[in-house]
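> One structure follows; several queries about it will come next.
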Amino acid sequence: MTKTAKLSENDLRQFTGTENWYRHGINRNVTFTDGAKYVADEGGAYWLLDAIAICQRYEKAVAAEPFQVWKLAVRPDRTATLTCEDGNYKTVYTQQIEFTDFPAEEITLWFSDNVIYLPSER
């Protein structure tokens with residue numbers, strides 16, 4: 001089984017809540033759910049959780065938003081764009097990623113109340 005198969009929409013939909021909250025190692029105010037941990041483990045993407053957590057501390061426009069929609073879009077050349085929206089489709093942060101081996105073409109994570117989670121875990 002490839003990592004892409006492990007990060008299929010069907011697999012991610014199994015996360016409809018969480019039993020555990022994991023404290024982020026860099027920004028201790030941030031936690032993440034079982035679903036976000038699954039993405040990090042299976043997609044080799046702890047860097048993605050790091051990017052979200054670090055922006056909470058150092059990007060004022062991001063930290064000012066109580067609800068955030070984080071989208072990672074991977075292009076065929078393995079470059080990517082990470083964006084944060086305010087929940088009303090207004091982009092408040094964009095980061096270009098020079099290379100990623102993230103196994104899916106795209107992923108969306110939500111951030112609210114200091115928690116990173118999958119939309120299905122709301």
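The values are calculated or read from the model by the stated rules, or taken from the named source; none is laboratory data. Everything quoted here is computed from the prediction, not taken from an experiment. Cβ coordinates were reconstructed from backbone atoms using ideal geometry, including for glycine residues, and neighbour counts include every protein chain displayed. Surface accessibility is based on the protein's heavy atoms, side chains included, excluding ligands, DNA and RNA. Shrake-Rupley method; radii C 1.70, N 1.55, O 1.52, S 1.80 Å.
> Scan the range 88-99 and tell me whether some residue there is surrounded by 14 or more Cβ atoms within 10 Å (Cβ to Cβ), under 22 Å from Asp34 (Cα atoms) and free of Cβ contacts under 8 Å to residues at least 60 places away in the same chain.
The answer is no, given that none of the residues of the range 88-99 is surrounded by 14 or more Cβ atoms within 10 Å (Cβ to Cβ), under 22 Å from Asp34 (Cα atoms) and free of Cβ contacts under 8 Å to residues at least 60 places away in the same chain.
> If you don't mind, another one. Here are the criteria: (1) at pLDDT below 95; (2) under 15 Å from Glu121 (Cα atoms). Tell me which single one Lys37 does not satisfy.
The failed condition is (1).
> Taking the range 60-76 as the region of interest, how many residues are assigned to a helix (DSSP H, G or I) and open to solvent by less than 70 Å² (accessible area, probe 1.4 Å)?
The qualifying residues number 3.
> Okay, next question. Which one of the conditions (1) open to solvent by less than 60 Å² (accessible area, probe 1.4 Å); (2) not in a strand (DSSP E or B) does Arg57 fail to meet, given that it meets all the rest?
In the conditions (1) open to solvent by less than 60 Å² (accessible area, probe 1.4 Å); (2) not in a strand (DSSP E or B), Arg57 misses (1) alone.
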